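Each remark here refers to the structure printed beneath this line.
The values are calculated or read from the model by the stated rules, or taken from the named source; none is laboratory data. What you see is a predicted model; the values in this text were computed from it and never measured. Heads up, the Cβs are rebuilt from the backbone with ideal geometry, glycines too, and the neighbour counts pull from every protein chain shown. Side chains included, ligands, DNA and RNA excluded: accessible areas come from the protein's heavy atoms. Shrake-Rupley method; radii C 1.70, N 1.55, O 1.52, S 1.80 Å.
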Amino acid sequence: MILTLVIPSVFLRGTLPQKTATEIDGLAKLASMQGVAVGPTIWNESFNDITQWTLPATSIPAILQVNNLLKLTVALPSISSPQAISIYRSVNLSLDRDPLITISLTVSSGVSYGIRFFGTTANNASFAAWREGSSLQHRPGLGSRETISVNLVAESSLSNPSLSLTNARITRVLFYLEAPSLTSGNFALALYDMHVNSIMRTPANSFEVSGNFTGIVADMGPATTSQGLFQVFVGLDIKGSPNLSYTLYFTQGASVVAQAYTYAPKLATTYELALLSPALVRSAPLFTGKIGSSSLIVRPLAGEINFFRLDSVEIRFLSASPLPQAGLNPSNYNSLMFYYLTFLFVVPVAMVSLLVKVFKDEDEN
């Protein structure tokens, strides 16, 4: 019986694919590190010229007002199909200046809204710097004031992964309201503020950087796409304002492939060991690294960072993708048949014979 249990492990050993991980030292691949912060304002919408805005012709009754703020009021009739209305204006924002746009608005509850950007390349080819599935699309109106910040380089790259953004520009910003069928009533979109800042980047001295930062970006070299990311462990020292809390991201280009939990500096030590996992991805950083690189990004959720040192980065990749069903090597079919027949016939017969002999010996005694 013992032999019959051992035989399968001998004959079938190594026939199933194993899910293991390979680990690399990310710190050895570190190309550069920067502290990043919001820089000076490079463009601002004053909301004092209605001719800068366009309300396309529509059958939906709408009124556009611009006087220190912009207000679009619509009266939606109850119809059996969805309804949408948009407004837009031209802008001229160079992506080479790393623009960060901030928008403050209110949208009535009961309808949804979205923000879309459009641009042109250095060769004057048009492109759409928005995509379905982004957090900027089909947002429910809250009926209260919201402030949204958008990294225009990241938004353009995520929408056009293979497009060269060198000398490219954002040329239009568009807002839309939408409602499902049978929605009726008066609804409004109000814009209070819309301005653009450039992003300031302070190079790190080796593995550490000091200053007043709203993010840390570490360039980990060319993006790795041939293996599936499993986990990233990051050892770091961090100091900041009393209310500092932060999370970490691991990105490939502008795409987030892993995220950490939320952390806050400890009283006893400034050291933290953070775990990043693809399963934890739930948001995106405001700042990004190089489009063709993998990056480690630290994003404050509250407060700011005054000091940061990167102590270790261990990146684990899956060395074999798990298969839906594990297959057997055809050369082991005979072994599997032997295993099956042994437990189906030999073992039961042996057990019955053994029991008969035991009871027979007891009767004779």
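Overview of values
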{"read-out": "Residue list for segment 252-261, filter: open to solvent by 50 Å² or more (accessible area, probe 1.4 Å) and either touching a Leu at 6+ places or on another chain (Cβ under 6 Å) or modelled with pLDDT under 90 (or both)", "value": "S255"}
{"read-out": "Failed condition for P180, given (1) open to solvent by 30 Å² or more (accessible area, probe 1.4 Å); (2) at pLDDT 95 or above; (3) touching a strand residue (DSSP E or B) at 6+ places or on another chain (Cβ under 7 Å)", "value": "(3)"}
{"read-out": "Criterion violated by Q137 - all others in (1) assigned to a loop (DSSP other than H, G, I, E, B); (2) open to solvent by 20 Å² or more (accessible area, probe 1.4 Å) satisfied", "value": "(2)"}
{"read-out": "Some residue of segment 107-122 being in contact with a Phe, Trp or Tyr (Cβ under 6 Å, 6 or more places away or on another chain) and surrounded by fewer than 18 Cβ atoms within 10 Å (Cβ to Cβ)", "value": "no"}
{"read-out": "Test: residue in segment 84-95 that is closer than 22 Å to S149 by Cβ, open to solvent by 20 Å² or more (accessible area, probe 1.4 Å) and in contact with a Leu (Cβ under 7 Å, 6 or more places away or on another chain)", "value": "yes"}
{"read-out": "Single condition S162 does not satisfy, out of (1) over 13 Å from Q34 (Cβ atoms); (2) touching a residue at least 24 places away in the same chain (Cβ under 8 Å)", "value": "(2)"}
{"read-out": "Residue in segment 172-184 that is of a type in the set (S, T, N, Q) and within 30 Å of D96 (Cβ to Cβ) present", "value": "no"}
{"read-out": "Qualifying residue in segment 195-217 (condition: surrounded by fewer than 18 Cβ atoms within 10 Å (Cβ to Cβ), among the aliphatic types (A, V, I, L, M), closer than 30 Å to K71 by Cβ and at pLDDT 95 or above)", "value": "no"}
